[in-house]
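Enquirer: First, the structure itself, so that you have it in front of you.
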Amino acid sequence: MKLSLLFLFLGFSLVNARHRVRINLGVSSSGSTFSVLDYGARADGLHDDSQAFMKAWNAACSSSGAVKLLVPPQRTYLLGPVKFKGPCKNVQSITVHMQGYLRATTDLGTYVNGDDWVEFGWVDHLTLTGGGTFDGQGSVSWPYNKCPQNKICKVLPTSIKFVETTNTAVKSIKSLNSKFFHIALLGCKNFWGNDIRIQAPSNSPNTDGIHIERCSGVNIYSSVIGTGDDCISIGQGNEQLVISGINCGPGHGISIGSLGRYQNEGDVRGLVIKDCTLSGTANGIRIKTWENSPGSSYATNMTFTNIIMKSVANPIIIDQEYCPYISCASKVPSRVRISDIFFRDIRGTSTTPVAVTLKCSRGVPCQNVNLHNVNLRYAGGAPAKATCFNIKASYSGTQIPEPCQ
Ligand SMILES: *[C@@H]1O[C@H](CO)[C@@H](O)[C@H](O)[C@H]1NC(C)=O
């Protein structure tokens with residue numbers, strides 16, 4: 001394999017001097033490093049480099065030991081949908097050293113069968129790092145996203161997706177203007193994310209920063225997220241998640257949910273969100289569950305602590321009457337059971353008079369919700385208020401607004 005590659009480069013080198021430089025690069029980076037430039041990436045931002053990336057990944061993945069997939073800096077790579085799949089049988093660890101600037105193809109026709117953009121699947125001990133940028137070029141496709149208006153809609157590609165990976169670290173990367181979600185974790189076990197920078201305009205549809213579903217052992221920390229939707233959204237079937245040191249805004253805040261939309265959803269349990277600042281967001285900490293939920297599930301054991309709200313419209317909100325489309329006339333109450341929820345040391349300003357909303361399900365009222373040291377002031381001057389439905393919360397320490405019962 002290695003040998004035939006070398007011949008390939010020698011072949012090139014006879015033709016043009018620029019490739020001779022690449023031979024040297026190729027040889028010096030041989031062994032456990034696989035550079036996309038050695039696999040034919042043009043890196044000019046114009047020609048599609050997807051095939052080169054896939055070839056480099058496949059070579060790295062079928063190699064052995066600790067391997068590295070290198071995407072060299074100061075170059076732009078145009079990419080359509082790419083899938084980096086494992087298992088990589090003899091590989092101990094695989095590091096994707098992403099130093100370049102990746103630009104997503106804007107032609108939606110290249111994303112067939114619900115393709116996402118860059119997908120990692122079934123890989124163990126993957127590290128994605130290097131300071132590079134994933135530019136989803138979403139502004140071209142946002143007008144085609146009808147999901148905010150219609151329940152049945154075509155979902156656009158997520159920029160970076162992790163499917164059933166184990167022991168994954170994502171560190172020092174940037175994601176810009178995704179077409180749909182920026183980053184999605186599905187069925188991952190043990191995931192560490194830090195120094196992730198995510199940026200999209202406040203009016204971009206469904207550009208959630210990090211969406212997590214059916215995962216366990218996820219730690220996301222020290223990251224800056226500004227989008228048009230949730231900075232972090234925690235879907236169904238998650239357990240043992242710690243989210244800390246997130247700077248969120250603009251966007252819809254940090255959301256648990258929406259839960260209860262589909263049948264057979266998993267429970268969400270064991271969640272800690274701490275040391276976060278939300279600035280100018282629509283919500284601060286939100287738990288939202290659908291009305292008319294077809295199945296029942298639990299959302300339990302969640303602690304939200306040391307959260308600063310700077311001009312947030314709904315700083316604390318439990319909403320079990322989530323119904324973004326108008327067809328909710330039947331009003332069957334949500335069947336997601338919310339319990340053991342702790343809000344501690346939550347302070348700052350609300351841009352609406354109702355700073356705390358606890359709107360629980362008529363069918364399954366919230367159980368054991370505790371607020372300790374809450375200090376949220378309405379920026380408009382009048383005292384902030386709280387509203388509650390179907391809940392008897394407990395309170396300790398400072399309470400501004402005054403508890404509602
Ligand atoms: C609640 O969640 C935390 C954090 O994941 C965990 O350490 C703790 O054991 C959980 N408590 C219960 C009673 O399950």
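Any read-out appearing in this document is the output of simple, stated calculations on the displayed coordinates, not a laboratory observation. Predicted model, so just to flag it, every value in this text is computed and none were measured. So basically every Cβ, Gly included, is an ideal-geometry build from the backbone, and we count neighbours across all protein chains shown.
Enquirer: In debye, nearest 20: dipole of the chain around its Cα centre with unit charges on the Cβ of K, R (+) and D, E (-)?
Expert: My answer is approximately 140 debye.
Enquirer: Here's a follow-up. Quick check on packing: order 146-154, 282-290, 34-42 by the mean number of other C-beta atoms within 10 Å, highest mean leading.
Expert: Details: 146-154: 11.2, 282-290: 25.8, 34-42: 22.2.
Taking the mean over residues of other Cβ atoms within 10 Å, the ranking is 282-290, 34-42, 146-154.
Enquirer: Moving on. Taking the Cα centre of the chain as the origin and placing charges on Cβ (Lys, Arg +1; Asp, Glu -1), which of 206, 395, 106 is farthest toward the positive end of the dipole?
Expert: 106
Enquirer: Still on this model: Over the range 229-364, what portion of Cα pair distances is larger than 21 Å, expressed as a whole percent?
Expert: Working: 3391 of 9180 pairs.
Taking all Cα-Cα pairs of the range 229-364, the fraction more than 21 Å apart is 37 percent.
Enquirer: Determine, for each peptide in 181-189, 201-209, the mean count of other beta carbons within 10 angstrom over its residues, then list the peptides with the highest first. Provide the component values of the computation, followed by the final result.
Expert: Numbers: 181-189: 23.3, 201-209: 21.7.
In descending order of packing, they fall as 181-189, 201-209.
Enquirer: As a check on your grasp of the helix formula, calculate [θ] at 222 nm for the chain: sum -39500 (n - 2.57) over DSSP H runs of n ≥ 4, divide by the residue count, round to the nearest 500.
Expert: Numbers: 3 runs with 38 residues, N = 405.
Dividing the helical sum by the residues of the chain leaves -3000 deg cm²/dmol.
Enquirer: On to the next question. Residue 293: net charge of surrounding residues, Cβ under 9 Å, Lys/Arg +1, Asp/Glu -1, itself excluded?
Expert: On the way: positive: 261, 335; negative: 265, 291.
My count for the surroundings of residue 293 gives 0.
Enquirer: Are any of the pairs 331/392; 68/274; 179/385; 288/310 more than 26 Å apart by Cα-Cα distance, and if so, which?
Expert: Details: 331/392 22 Å; 68/274 33 Å; 179/385 37 Å; 288/310 21 Å.
Exceeds cut-off: 68/274; 179/385.
Enquirer: Report the FRET efficiency, 1/(1 + (r/R0)^6), for residue 74 and residue 32, where r is their Cβ-Cβ distance and R0 is 25 Å, rounded to 0.05.
Expert: On the way: r = 23 Å, r/R0 = 0.92.
With a Förster radius of 25 Å, E is 0.65.
Enquirer: Percentage of Cα-Cα pair distances in the range 32-400 greater than 31 Å, rounded to whole percent? Write down the numbers at each step before the final one.
Expert: Numbers: 24031 of 67896 pairs.
That tail contains 35 percent of the Cα-Cα pairs.
Enquirer: Using the alpha-carbon atoms, what tilt in degrees (0 to 90, nearest 10) does helix 50-61 show relative to the longest principal axis of the chain?
Expert: Taking the Cα atoms of the chain, the angle to 50-61 is about 90 degrees.
Enquirer: Where Lys and Arg each count +1 and Asp and Glu each count -1, what net charge lies around residue 317 among other residues with Cβ under 10 Å from its Cβ?
Expert: On the way: positive: 286, 288, 359; negative: 319.
Here the charged neighbours net out to +2.
Enquirer: Let me ask you something else. First select every other residue whose beta carbon is under 13 angstrom from the beta carbon of residue 124; then total the charges, Lys and Arg +1, Asp and Glu -1.
Expert: Working: positive: 85, 89, 189; negative: 164.
Combined, the nearby Lys, Arg, Asp and Glu give +2.
Enquirer: Tell me the angle of helix 2-15 to the major Cα principal axis of the chain, expressed in degrees between 0 and 90 and rounded to the nearest ten.
Expert: 70 degrees
Enquirer: How far is it, in nm, from the label point at residue 85 to the one at residue 144 when both lie 7 Å from their Cα along the line to the Cβ?
Expert: The modelled label-to-label distance comes out at 2.4 nm.
Enquirer: Need one number: nm distance between label points at residue 92 and residue 275, each 7 Å from Cα along Cα→Cβ, rounded to one decimal.
Expert: Going by the 7 Å Cα→Cβ label model, 3.1 nm.
Enquirer: Right, something else. Note the angle between two axes, namely the Cα long axis of helix 17-28 and the longest principal axis of the Cα atoms of the chain, as a number of degrees from 0 to 90, rounded to the nearest 10.
Expert: It works out to around 70 degrees.
Enquirer: Sort 250-260, 45-55, 314-324 for me by packing, meaning the mean count of neighbouring Cβ atoms within 10 Å per residue, highest on top.
Expert: The densest-packed peptide leads the list: 250-260, 314-324, 45-55.
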